[in-house]
Structures are given as structure tokens and as C-alpha cells.
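First comes the structure, then the notes that go with it.
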Amino acid sequence: MRPRIGIIGIGNTLLGDDGVGIRVIEELRDRGLPEEIELVDGGTCGVDLFYLFQRYDVAVVVDAARMGLPPGTIHRVRPEEVTRLADEQAFSVHDLGLWEAIQLGSVLHTLPPIHIIGVEPEQYNKQHQLSERVSNSVEMVAQLAIEVAECELGDVIS
Amino acid sequence: MHGAVQLNIHHVTRVEGHGNITVNVRDGEIEECRLEIVESPRFFEVMLQGRSYRDAAHITSRICGICSVGHTTASIRATESALGIEPTEQTLLLRKLILHGETLQSHILHIYFLAAPDFLGAPSVIPLARTHTDVVLRALRLKKLANDLCDLIGGRSVHPVAMMPGGFTSVPTIAGLQEVRARLEAAMADMVATAELFATLDIPKFERETEYISLKRPDEYAFYDGELYSSDTGIHPVSHYRRLTNEQVVQRSTAKHAHANRDSFAVGALARYNNNFDRLNPFAKEIADEMSLPVPCFNPFMTTAAQVVECAHAVADGIALIDELIGRGVQPEPLVQSARLDGQGIGAVEVPRGILYHDYQYADGRITRANCIIPTGQNVANIEADMRFLVPQILDKPEAEIAQNLEMLVRAYDPCISCSAHMLDVKFVGKSEGEQS
């Protein structure tokens with residue numbers, strides 16, 4: 001069975017809350033998901049996300065996002081909002097990887113539908129742990145990612 | 001007249017990491033001309049202390065997501081040299097092959113994604129994808145091939161997991177090698193197209209001869225190993241690397257500055273090309289000829305052209321290495337065990353941006369002292385020397401053009417600033433009032 005939906009966590013676990021995407025993927029590892037759903041630790045893979053997106057019918061991205069909301073807030077972000085926010089250098093905590101991958105994919109017409117779940121970070125200190133408020137959001141973000149993925153899976157299969 | 005220029009370019013774009021350029025010219029005299037590395041140091045050398053020889057490569061791989069294979073290789077070679085481990089012939093072939101994969105990954109990223117927009121008049125690769133779709137698709141095809149080559153040999157497209165002191169924990173299948181070989185064959189046409197594109201670009205006319213330092217081998221274009229070679233003083237044993245790097249802390253930068261026989265020297269694709277041109281394979285020499293790249297070449301803006309040549313070399317030599325591997329058969333091999341648990345060893349490897357050194361001291365299988373010298377750190381003093389030489393030649397130009405030229409110069413070196421900080425913003429510190437127009 002080819003995986004149809006990718007849940008992709010991105011971020012750097014060495015930079016505090018920037019690692020939230022990866023922590024969500026770790027949280028989901030034990031959940032026994034349908035085999036059509038693949039979990040991906042996208043790390044800081046930058047523009048290589050372009051290739052990663054091409055593997056799936058639908059991608060669900062989990063990332064730390066500076067949205068000006070209280071730390072730990074979970075917010076669904078549309079890909080076109082990433083564009084706008086990244087232009088102001090406000091969105092992605094790491095390089096322009098996610099933004100460039102989405103842009104390249106849309107210009108070259110290779111981009112699958114993408115759902116982005118953003119989590120407002122509190123700090124990007126050089127530490128391995130999440131802040132308490134972001135850490136408290138991890139389980140809920142994981143649940144949301146599954147619900148989005150399973151809902152999409154129903155559409156993809158039917 | 002052009003009395004004064006003040007530039008402050010904060011965070012030079014399209015380079016890896018954060019750096020600033022500051023230029024201050026008064027009455028035609030340069031008062032300041034600096035490339036500041038402002039990223040915080042990360043103290044990997046301290047993190048290594050107390051760690052087992054089995055962990056060192058996986059830790060240092062994380063110094064960089066662009067040259068993780070290079071760090072892994074330098075780390076493994078330092079450990080093997082310290083602990084008396086002799087890798088097998090198959091291991092050497094696989095390591096050389098995956099290094100070619102990373103050279104391709106990194107150079108293609110720089111040539112097409114970071115440098116090409118400058119020459120094709122686009123702010124980034126995104127608008128380029130609209131106006132030059134075929135060019136961007138070619139770039140993406142080459143990058144994917146390089147990723148897949150690294151994945152095939154190292155078990156992952158970055159931060160290889162199969163590479164260990166003493167060998168590989170898994171080896172590629174013949175079918176996997178054949179599949180990549182076919183794509184490398186097809187990539188030769190893409191490399192010719194890359195050279196044709198580059199030949200049409202308007203590269204700034206600028207020359208400043210400097211000392212070029214690289215590894216050198218009599219029998220091949222040195223990437224994996226070799227002796228140290230300076231264009232000024234010839235061959236040196238790798239054990240003398242400190243004499244050829246002389247790292248110094250400078251106040252304005254979190255990257256140390258390096259010098260050997262002059263105030264600065266260059267490492268990287270252009271240095272290797274100048275020092276080792278005669279060891280390039282015929283295909284790479286054809287590509288150099290296609291771009292009319294002279295030997296030696298003293299124009300740092302042509303570093304990108306030298307990267308195109310090295311990509312061609314990596315493609316053609318990658319095919320040759322795969323043929324050798326397929327010819328002899330690829331077998332899983334046990335890791336070669338260490339002969340001792342104490343000792344000191346140096347791994348010097350040519351990674352995309354120049355020579356990378358890892359130097360470890362071991363006691364009882366654990367690291368007691370580590371020293372890592374990163375290529376960009378070696379180049380920073382030379383970039384500044386180029387800037388000081390270039391600025392007076394372009395003072396007549398409008399400020400925006402001067403800034404663009406300086407950013408292009410810095411980008412030409414393809415600096416990897418996170419690694420050396422141990423980024424770039426160009427800071428113009430003000431043209432005088434009358435010059436603002």
C-alpha cells in the first residue's frame with residue numbers, strides 16, 4: 001500500500017519550541033495509524049520539502065509558527081498565508097524552506113493539497129526541551145493532525 | 001567625485017546562516033570593509049568531549065545539514081587514524097561515491113538556487129521557476145539525483161546513518177546502484193546544459209590572485225584524502241594543518257580568521273580547480289572548456305563555474321566508481337574493529353566549500369580533545385581581502401549596485417555561516433550627503 005497522506009513535522013529539536021513539529025511526530029509514533037498515513041520527521045530539510053510533498057496526495061504539516069498569538073496556541077494556517085507571512089519574515093522559525101517548497105511546488109504545479117497546523121512558540125533557546133506551554137499543546141496538536149489526515153484519507157480513498 | 005560610501009548590509013541573503021557586510025569609505029579611502037559573522041558559536045568541540053568513538057561522527061554530522069556527509073567522513077577518518085582502523089577497499093569506494101553525492105547536492109543548490117538568480121536578474125529561485133521553468137526543473141532533477149545517491153549509500157539523503165568508523169552498517173544493492181548509474185548518465189546532458197547556461201552569464205570582471213590551499217593526490221582529483229597543497233609553498237603533510245590554518249579570534253566576528261603564508265588564503269572549488277586541474281576527468285575538462293574557464297583562474301566570482309566543473313567530475317567519476325563497485329560485487333562486511341583505544345588522529349577531507357579538518361585525541365575510546373576547522377572560517381579573511389580590493393574599483397557605481405556586487409562576491413564563496421560560527425547582511429555605513437543621489 002502506497003502511503004497517501006503524509007503528516008510531516010518540521011523544526012529543529014535543538015532550538016527549544018522550534019522542535020514542536022518533531023515532538024508531535026514522536027507523540028504519534030505509538031498511535032497505530034492506518035498504513036496509508038505516513039509520519040515524517042522532516043527536521044530542517046529546507047527546500048527538499050519540495051520532493052517530500054510530491055510523495056503524497058495530501059500533506060499535513062506541523063510547524064512552530066510565529067503568529068502573534070499566546071504561546072502554545074494551535075492555529076490552522078493556509079499555505080497562501082505562509083507566503084504572505086514569510087514575506088514579512090514572520091512565519092517560519094527556520095530558513096525559508098517551507099515557504100520556498102510551497103512556492104516552487106505551486107509554480108511548477110506539483111503541490112498536493114497542504115494543511116498546515118501552526119503552534120505559537122514561546123522561545124527558541126538552544127535547548128532540547130519545549131517550553132511548558134508548548135509542551136502542553138503537543139497532544140492536542142497530534143490529535144488534530146490525525147483528524148485532518150483521516151478526514152482527507154476518507155476523501156482520497158472514496 | 002565619489003568621496004564617501006557607507007554600506008550596512010544586514011543579513012546577506014541566499015547564503016547559509018547570518019552575516020553582515022559593512023563598508024565605510026571616506027575621501028576615497030576605505031576605513032572599514034568587513035564581513036561580520038554574527039551567528040552564535042555552537043561549541044561542538046566541547047560536546048564531543050567524553051563521547052565514544054562510535055558516536056563522534058553522528059554528533060558532528062549535525063554541525064551542518066548541507067555538508068553532513070563531509071563532517072561524517074572527516075570525523076570517521078580522524079577516529080580511524082587515531083585508533084588504527086584500516087577501512088576496506090569497498091568502504092573507500094562507497095565513501096568516495098557518497099562524497100560525490102554531497103558535492104553535487106551542495107554545488108547544485110548553490111549554482112542554481114543561490115547564485116543563478118543574481119545572473120538571471122531574479123530576486124530568488126521562485127520567480128525564476130516562472131521565467132526559466134526548464135532551468136529550475138533541471139536544477140531540481142540534479143538535486144534529487146544527488147539526494148537519492150546519498151540516500152542509497154548513506155541510508156538517508158542527509159546525516160547518513162550507515163557510515164561508521166570501520167565501514168558501513170548496510171550497503172547498497174546492485175539494482176540500486178544501477179538505477180542511480182542510469183540517472184548519472186542522463187545527468188551528463190544536464191551538466192552540459194548547465195555549462196552552456198553559465199557560459200552566457202555576465203560574470204563580473206575582477207581578479208585578485210591569492211594563496212590557494214587544497215588537498216592533493218598524484219592519482220586523482222582529491223576529495224576523500226590527500227596531502228595539503230599550497231599554491232605558494234607546495235606539499236605539506238596533513239599533520240602540519242595548524243600551520244596552514246592559523247586560526248585567530250577577531251573581535252568583530254564569531255568565526256575565527258585564518259591565514260597561512262599571506263594575510264589570507266582561499267579554499268573551495270576554485271582553489272581545488274587551480275591546484276588540481278590536471279586530475280579532473282576528461283568530461284569535467286570539457287565542461288571547463290565550454291565555459292572558457294582559464295587555468296589557473298583568479299576571479300573569485302568564477303568559483304561558481306569551478307563548482308559546475310566539479311559537478312561534472314562528480315557525475316563522471318560517480319559512474320566510474322559505480323562500475324567498479326558493480327564489477328567487484330558489493331558485499332555486507334563486518335565493521336573493521338579498532339586496534340587500540342588511545343591515540344590522536346586527523347581527518348582532512350575536501351567538502352563542497354573547502355578543506356574540513358577534524359582532529360581528535362582519544363583516551364580509552366572516548367574523546368578527550370577535539371578540534372574542527374571549517375572551510376568558511378578559512379575563507380572569511382580572504383573574502384574581506386577581495387572586498388577591500390573590489391570596492392575602490394566600483395566606487396563610481398550607485399550604492400545599490402555596489403551592495404549587489406559585494407553580496408554576489410560573498411555568495412560566490414558559497415559561505416556556510418552556521419558552520420563557521422562558530423550570515424549575511426550587507427551594512428553600508430552611509431554615502432555622504434552629496435552622494436546620496
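Just a few scattered comments:
- Every condition in (1) modelled with pLDDT of 85 or more; (2) within 20 Å of A:LYS126 (Cβ to Cβ); (3) of a type outside the set (S, T, N, Q); (4) out of contact with any Ser or Thr (no Cβ under 8 Å at 6 or more places or on another chain) is met by A:VAL93 except one, and the failing one is (1).
- Applying the condition of being of a type in the set (A, V, I, L, M) and open to solvent by 30 Å² or more (accessible area, probe 1.4 Å) to the stretch B:139-163 and asking which residue is nearest to the other protein chains (Cβ to nearest Cβ) yields B:VAL158.
- Of the candidates B:ILE383, B:ILE374, the single residue that is closer than 21 Å to B:SER264 by Cα and in contact with a Ser or Thr (Cβ under 6 Å, 6 or more places away or on another chain) is B:ILE374.
- Scanning the stretch B:28-71 for residues that are within 13 Å of another protein chain (Cβ to nearest Cβ), modelled with pLDDT of 80 or more and crowded, with 21+ Cβ neighbours inside 10 Å yields a count of 2.
- Index of the failed condition, B:VAL391 passing every other in (1) open to solvent by 10 Å² or more (accessible area, probe 1.4 Å); (2) at pLDDT below 95: (1)
- Qualifying residue in the stretch B:85-98 (condition: open to solvent by 10 Å² or more (accessible area, probe 1.4 Å) and in contact with a strand residue (DSSP E or B) (Cβ under 8 Å, 6 or more places away or on another chain)): yes
- Among the residues of the stretch B:73-117, those that are of a type in the set (A, V, I, L, M, F, W, C) and touching a Cys at 6+ places or on another chain (Cβ under 7 Å) comprise B:ILE98, B:LEU104, B:ILE108.
- Residue match in the stretch B:181-203 (condition: within 14 Å of chain A (Cβ to nearest Cβ), closer than 30 Å to B:GLU227 by Cβ, of a type in the set (A, V, I, L, M, F, W, C) and touching a helix residue (DSSP H, G or I) at 6+ places or on another chain (Cβ under 6 Å)): no
- Subset of the stretch B:61-91 that is more than 16 Å from the chain's Cα centre (by Cα) and β-branched (Val, Ile, Thr) - its residue that is nearest to B:GLN337 (Cα to Cα): B:ILE85
- Residues that are assigned to a loop (DSSP other than H, G, I, E, B) and buried (at least 18 other Cβ atoms within 10 Å of the Cβ), drawn from the stretch B:225-242: B:ASP225, B:GLY226, B:SER231, B:TYR241
- B:ALA122 vs. criteria closer than 30 Å to B:PHE301 by Cα and not in a helix (DSSP H, G or I): yes
- Selection from the stretch A:23-65 of residues that are charged (D, E, K, R), in a strand (DSSP E or B) and within 14 Å of another protein chain (Cβ to nearest Cβ): A:ASP41
- Under the condition of being more than 11 Å from B:VAL69 (Cβ to Cβ) and outside any helix (DSSP H, G or I), the residues counted in the stretch B:163-184 number 10.
- A:ILE157 being crowded, with 19+ Cβ neighbours inside 10 Å and either more than 16 Å from the chain's Cα centre (by Cα) or within 20 Å of A:GLU81 (Cβ to Cβ) (or both): no
The values are calculated or read from the model by the stated rules, or taken from the named source; none is laboratory data. Keep in mind the model is a prediction, meaning the values are calculated, not measured. Quick reminder, even Gly has a Cβ in these numbers, built from the backbone with ideal geometry, and neighbours come from all protein chains shown. What goes into the accessible areas is simple: the full protein's heavy atoms, side chains included, and nothing from ligands, DNA or RNA. Shrake-Rupley method; radii C 1.70, N 1.55, O 1.52, S 1.80 Å.
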